[in-house]
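In what follows, a structure is listed as structure tokens, so that the remarks can point back to it.
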Amino acid sequence: MANQDVYSLKKLLALSVVFCVLGAASAAAIAAVIPQVGQPSLIVTTDKDAYYTGETMRIYLVNVLKENITFKDSAYGLHFEKWVNEKWEFLLSIGDPSGSSTLSPLGVGEYKAVVAYELGEIFSEGKYRVVSIGDVSQRGQTMSMEAHSEFNVTVRSSPPASLLLLEVTTDKAVYHEGDSITIIIKNTSNQTVKFSSTAYGVIFEKWVEDKWVPYSSIYGAEVIVRLEPDQTHQITLKLSEPSPPLTSGKYRVLSAGWIEHDGQFTQIWGYAEFIIE
């Protein structure tokens, strides 16, 4: 719920794909993230069943064969489909078709792949599934393997401007490419503010034509962090670190968190504007 509240501040248009292949772990660890199914070949599952537009989903892929599964793109053959008019319709692929990728068997070295994918505005409210298609060679023959996982997407509105209770400032008003930026977040409310990660709900928006457009975000460890009344937190990073990196233009940096009182959650946020020349 915390991640959903924080990311609902704005819909992030930027689609970013981060691939990381995890090292050896126990079979018990695999069981914690994959469903129990009968004799599967390729397993695809997600970290949640429902997301908000702008959230980052994590897709887990596991090969339970004895052979490698190969894919004809850089993202394990992953693509998204949407349920439209009582049928699945192709939405988009996320890998580079000029590359390839391989998923090793369960228990052999690097056996589990995790793909983090940000659900941009193309993911309107509805029912979706993420599909992986790969090939495996057995007894001199190449066979196609396919697996999928379904999930739902809903859209949340931005918090009202009256809840600008975070004071966000930057160390400079004008930066140049290659600079570092320091963001200072202060809790001006009289209650503890919580954030869903060590990124303190920070995202960047860019001024495009006549409006602010969600542009990029930064990574943080997914743990609950707190900011007490009048307490500040400082984040310093290079302009090249967000995904995508910040290039020349007009931007604003936003921070979003929430206050919990009597079991009710209230979002609060703040922002600061700056220019990159």
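The values are calculated or read from the model by the stated rules, or taken from the named source; none is laboratory data. These figures come from a predicted structure and were not determined experimentally. With ideal geometry, Cβ positions are generated from the backbone for all residues, glycine too; neighbour counts draw on all protein chains shown.
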Tell me which of these Val108 doesn't satisfy, since it passes every other one: (1) surrounded by 16 or more Cβ atoms within 10 Å (Cβ to Cβ); (2) modelled with pLDDT under 90; (3) β-branched (Val, Ile, Thr); (4) more than 27 Å from Ser243 (Cβ to Cβ). (1)
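Just a yes or no: is a residue in the stretch 126-146 part of a loop (DSSP other than H, G, I, E, B), at pLDDT below 95, within 30 Å of Leu227 (Cα to Cα) and among the charged types (D, E, K, R)?
To start, the set of residues in the stretch 126-146 that are part of a loop (DSSP other than H, G, I, E, B) comprises 139-140.
Subsequent filtering for residues that are at pLDDT below 95 retains 139-140.
If we keep only those that are within 30 Å of Leu227 (Cα to Cα) too, we end up with none.
There is no residue in the stretch 126-146 that is part of a loop (DSSP other than H, G, I, E, B), at pLDDT below 95, within 30 Å of Leu227 (Cα to Cα) and among the charged types (D, E, K, R).
Answer with yes or no whether Gly120 is closer than 21 Å to Thr46 by Cα, under 19 Å from the mean Cα position of the chain (by Cα) and at pLDDT below 90.
Values: closer than 21 Å to Thr46 by Cα: yes; under 19 Å from the mean Cα position of the chain (by Cα): yes; at pLDDT below 90: yes.
In short, yes.
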Scan the strands (runs of 3 or more DSSP E) fully inside the stretch 195-237 and keep the ones with 2 or more residues being closer than 16 Å to Tyr251 by Cβ. 203-208, 211-217
When you check Lys172 against the structure, is it assigned to a loop (DSSP other than H, G, I, E, B), farther than 19 Å from Lys72 by Cα, modelled with pLDDT of 90 or more and of a type in the set (Lys, Arg), yes or no? yes
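One line per residue, one yes/no per condition, for (1) without any contact (Cβ under 8 Å) to a residue 40 or more places away in the chain; (2) buried (at least 21 other Cβ atoms within 10 Å of the Cβ):
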| site | (1), (2) |
| --- | --- |
| His176 | no, no |
| Lys186 | no, no |
| Asn190 | yes, no |
| Lys194 | no, no |
| Tyr200 | no, yes |
| Ile203 | no, yes |
| Asp210 | yes, no |
| Glu228 | no, no |
Please work out if Ala221 is outside the structural domain of Thr56 (by TED's automatic domain parsing) and in contact with a strand residue (DSSP E or B) (Cβ under 9 Å, 6 or more places away or on another chain). no
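For the condition among the hydrophobic types (A, V, I, L, M, F, W, C), over 19 Å from Val174 (Cβ atoms) and touching a strand residue (DSSP E or B) at 6+ places or on another chain (Cβ under 8 Å), what is the one hit in Leu227, Leu246, Leu239? Explain how you work it out, then say what you get.
Working: Leu246 fails: over 19 Å from Val174 (Cβ atoms); Leu239 fails: over 19 Å from Val174 (Cβ atoms).
After ruling out the rest, the residue left standing is Leu227.
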Residues that are polar (S, T, N, Q) and more than 30 Å from Val155 (Cα to Cα): does the stretch 120-138 have at least one? yes
Can Lys82 be described as of a type outside the set (Ser, Thr, Tyr) and part of a loop (DSSP other than H, G, I, E, B)? no
Residue check for Ala50: at pLDDT below 50 and either in contact with a Leu (Cβ under 9 Å, 6 or more places away or on another chain) or outside the structural domain of Val208 (by TED's automatic domain parsing) (or both): no
Of the residues that sit in the stretch 60-92 and are β-branched (Val, Ile, Thr) and surrounded by 14 or more Cβ atoms within 10 Å (Cβ to Cβ), which one is nearest to Ser124 (Cα to Cα)? Val62
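Answer with yes or no whether Ser149 is in contact (Cβ under 8 Å) with a residue 40 or more places away in the chain and either assigned by TED's automatic domain parsing to the domain that holds Gly95 or surrounded by 18 or more Cβ atoms within 10 Å (Cβ to Cβ) (or both).
Numbers: in contact (Cβ under 8 Å) with a residue 40 or more places away in the chain: yes; either assigned by TED's automatic domain parsing to the domain that holds Gly95 or surrounded by 18 or more Cβ atoms within 10 Å (Cβ to Cβ) (or both): yes.
Yes; evaluated as a whole, the condition is true for this residue.
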